[in-house]
Each structure stands twice: as structure tokens, then as C-alpha cells.
Amino acid sequence: MTDHDDPLFGAALDTLAIRGGIHRTAEGEHSEPIFATSSYVFDSAADAAARFSGEQPGNVYSRYTNPTVRSFEERIAALEGGEAAVGTASGMSAILSTALALLKAGDHIICSRDVFGTTTNLFGKYLAKFGVEVSTVPLLDIAGWKAAIRPETAMLFLETPSNPLCEVADIAAMAELAHANGALLVVDNCFCTPALQTPLALGADIVVHSATKFLDGQGRCVGGAVVGRQEHMTEVVTFLRTCGPTMSPFNAWVFLKGLETLRLRMDAHSAAALEIARWLDAHESIGRVYYAGLESHPGHALAARQQRAFGGVLSFEVQGGQEEAWRFIDATRIFSLTANLGDTKSTIVHPATTTHGRLSDEQREAAGIRRSLVRLSVGLEDVADLKADLQRGCDAL
């Protein structure tokens, strides 16, 4: 996080996205360099000892200290308004690192049931093996969140907007609930990014990202990030140093380049997604459309207050079931059939058999993920061409 002596203190998001985290070497390079090194040479044995002990700042080993990764960490921290950030190998390793760094056996997590399917499995299957208890509640059921709180509750975890139904949680209200009970609020900000939403400013303690998605923006690399207060990030770095779910320098460099166009891309994704959501909402072959930009969406007013725009991801139900959803998907020719999202290329997927396919039928039903549901990530192609491609899907029904 910048301080008052930094020329970027108080700078706008677009400036931070391009200039944040730059540390030029003696070579005077204009673009950030890639430090492709596993280790570092010390001036003396005493220098090495001081670096390893933390008495002297500097790089030690690229598992947890690398200048390119540090540039990415400083930039995403500045964009999110956090004191510090930690780059990780993937979005899931960001969630894992947060949980294992800050929780212990006997602690209790409350997780929204409306999250990415792998997040559900991480909490319910793997953290449970280490004595961390997990409760799941509907994202919008505030009474359910309150009822689930125990004396040992240490963390509340949610996505907003949620994947794939785009439900919107009141971050400020959830932060108040967490803090009143001595717990941390962790928000997955993957769908919005700091270009559209800053959960820390609304009271959240920690933000996690799959940098693979909109932060990169072109589907090139896998990575993650954790952002929050220094005291929490120090614990996450300690976990990273020990266990090693590390972001590579090359991937960090790619994410730095992605951040430079983040706001421009998110505005364009949001505008195109809103136009397509309205088109689908009026189409006779389409059932319910899930996108907070629609005035009919239950979370529209909250999203309009909490977010700067509504993002590039939406879902909808076709008339029928899985057979019809698959037929719709297979008829498209421009949309890429892939589970990734946040790309300049528009993507389409069937959540019930892919991203949320490892959930039980009961879990999917409880989360409202029906066999007729299709998820889109709207890219940056011409919107008329995307509508024409979606019409191919409608014509196949």
C-alpha cells in the first residue's frame, strides 16, 4: 500500500493499474522485468543470515520473494485498497493459503453455498480433515448466517456476485455481522475485480482473486491473489514460505500487463453483458436470466450501490433440461466452450456438469444450479455477432 510520501498516494485506479508496483533496476527499463531466478546471491555469509532471519530486507528465495511477483502484489494491493497482498499459484491456492494461514483445528467457517464448486469441496472435504468445521448457508439468508454463528466461528466466506447465479451479497452488512462475532469476512472478488468493486472499503477483511480470470483478461496464465491487512498477509506469506503454492515470475508479469487495461476491459465487458442479458431476457426460448444489471434482478439496487458496473458474467435457463442446454451450447460457433471466464474471448459452459459437476445432486439443487442452466462470460467481440451466435443456440432448441 502506498504512503503519503509516494507520488501515487491518492492516485486514481487507472493510474495505479499502470504505474503501481514499479521498481526500476539500474538498467532503467520502462516495462517491468521478469526476474526468472530461483535464488539470489548474497554479499556475505552474514548478509545471507540477516536475509533469512528477516533482520534485513531483500530477496531470499523465489518460493516467497521475487521482484516481479512483488510488483504484482503491490499493484493489486493498491487497486483493492489493501495494506499488502500475496500472489499465489492459482485462485484456489489463494483460498487455501488464506484458510490454512489464519485458521486452526477447532475453528468454524461459514461459507455461502453459492460459491464455485471447487471452493465447496475444499472447505467441506479437505479442511474438515484438519479439524476445521464448515457450515454452508444461502448467500442472501442473513438470518441463516446469524443462526450458523458459533463461539468458535472464525471466518465468513462468500462470493459476490456469486458463481454462477450472480446473486449479490451486502458486503457492509456481512462485515458488520462478522466483526460483531469476532470473525473475519473474506470476499472472493473474482467476478467484479477492483475495477468494479472494492470489498475492503465496505468492511471486508480479506479479498481473494483468481487472477486467471479478469485480472489477466486473456486466458493466458493461472494465478491467484490474497489482499488485506499486513498482519494477515504476514501469516499468508509464512504459509507460502513453508508450503510453496507460489506464483511464477512469468505469470506475475502477464498479470501486470493485464492490470494495465483492467478498467477499460471491465467497462466493455459490463456494457456488452448488459446488452446481451436484456436480449436474452426478452427471448421466447429463454427462461430466467441471472444478471444483476437487469432491473428485475432481486439484487439490482444493491449491486448498483455496491458496484461501479455489473460485470461480464451472466447465466440463463433454457426451456427444457440438460439435453436442451447441451444442444444450445453445441450450436454456438463463436463462444468458446470452456469453463474459464474473464477472457477477451466469450465463453459458454454448462455449470451442472462442469464447474459444479463434483457437487452432489442435493448440493446443486440447494444452490439453484439446474440442468437447464447455461453460463456466459461475455468477451470483447462485436455484440451483434455474439447475439447472432446465441440465436444459433436458440434455433437448436
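The values are calculated or read from the model by the stated rules, or taken from the named source; none is laboratory data. Predicted model only: the values in this text are computed from it and were never measured. When we count neighbours, we look across all protein chains shown, and the Cβ atoms used for this are built from the backbone with ideal geometry, even at glycine.
Taken over the range 118-166, residues that are more than 19 Å from the chain's Cα centre (by Cα), among the acidic types (D, E) and closer than 23 Å to H356 by Cα amount to 2. Quick check: is even one residue across the range 342-351 surrounded by 20 or more Cβ atoms within 10 Å (Cβ to Cβ), modelled with pLDDT under 95 and assigned by TED's automatic domain parsing to the domain that holds W279? So far as the range 342-351 goes, yes, one or more of its residues are surrounded by 20 or more Cβ atoms within 10 Å (Cβ to Cβ), modelled with pLDDT under 95 and assigned by TED's automatic domain parsing to the domain that holds W279. Tell me yes or no: at least one residue of the range 325-336 is without any contact (Cβ under 8 Å) to a residue 24 or more places away in the chain, of a type in the set (G, A, S) and surrounded by fewer than 20 Cβ atoms within 10 Å (Cβ to Cβ). Yes, some residue in the range 325-336 is without any contact (Cβ under 8 Å) to a residue 24 or more places away in the chain, of a type in the set (G, A, S) and surrounded by fewer than 20 Cβ atoms within 10 Å (Cβ to Cβ). When the range 307-359 is filtered for residues that are out of contact with any Gly (no Cβ under 6 Å at 6 or more places or on another chain) and part of a helix (DSSP H, G or I), the ones remaining, listed by number, are Q322, E323, E324, A325, W326, R327, I329, D330, P351, A352, T353.
Identify, from the list A36, A94, A85, the residue that is touching a residue at least 40 places away in the same chain (Cβ under 8 Å), in the same structural domain as L177 (by TED's automatic domain parsing) and in contact with an Asp or Glu (Cβ under 6 Å, 6 or more places away or on another chain). Write out each step before concluding.
On the way: A36 fails: in contact with an Asp or Glu (Cβ under 6 Å, 6 or more places away or on another chain); A94 fails: in contact with an Asp or Glu (Cβ under 6 Å, 6 or more places away or on another chain).
Result of the check over A36, A94, A85: A85.
Can you tell me which residue is nearest to V227 (Cα to Cα) among those in the range 1-28 that are acidic (D, E) and either modelled with pLDDT under 90 or in contact with a Ser or Thr (Cβ under 9 Å, 6 or more places away or on another chain) (or both)?
Of all residues in the range 1-28, those acidic (D, E) come to 3, 5-6, 14, 27.
Now drop any that are not either modelled with pLDDT under 90 or in contact with a Ser or Thr (Cβ under 9 Å, 6 or more places away or on another chain) (or both), which leaves 3, 5-6, 27.
Numbers: D3: 17, D5: 22, D6: 20, E27: 30 Å.
This residue is D3.
Quick one: which residue in A26, A17, A11 is under 26 Å from the mean Cα position of the chain (by Cα) and assigned to a loop (DSSP other than H, G, I, E, B)?
Numbers: A26 fails: under 26 Å from the mean Cα position of the chain (by Cα); A17 fails: assigned to a loop (DSSP other than H, G, I, E, B).
After ruling out the rest, the residue left standing is A11.
When residues in the range 224-267 are screened for being surrounded by fewer than 17 Cβ atoms within 10 Å (Cβ to Cβ) and hydrophobic (A, V, I, L, M, F, W, C), 3 of them pass. When K104 is tested against (1) among the basic types (K, R); (2) in a loop (DSSP other than H, G, I, E, B); (3) touching a residue at least 60 places away in the same chain (Cβ under 8 Å), exactly one condition is not met: (3). When restricted to residues that are touching a Cys at 6+ places or on another chain (Cβ under 9 Å), in a loop (DSSP other than H, G, I, E, B) and not hydroxyl-bearing (S, T, Y), the range 163-214 contains 5.
The residues of the range 56-101 that are out of contact with any strand residue (DSSP E or B) (no Cβ under 9 Å at 6 or more places or on another chain) and in a loop (DSSP other than H, G, I, E, B), listed by number, are Q56, P57, G58, T65. Listed by first and then second residue, the pairs linking a residue in the range 274-302 that is buried (at least 21 other Cβ atoms within 10 Å of the Cβ) to a residue that is of a type in the set (S, T, Y), with Cβ atoms under 6 Å apart and 6 or more places separating them unless they lie on different chains, are A277/Y291; Y290/S315.
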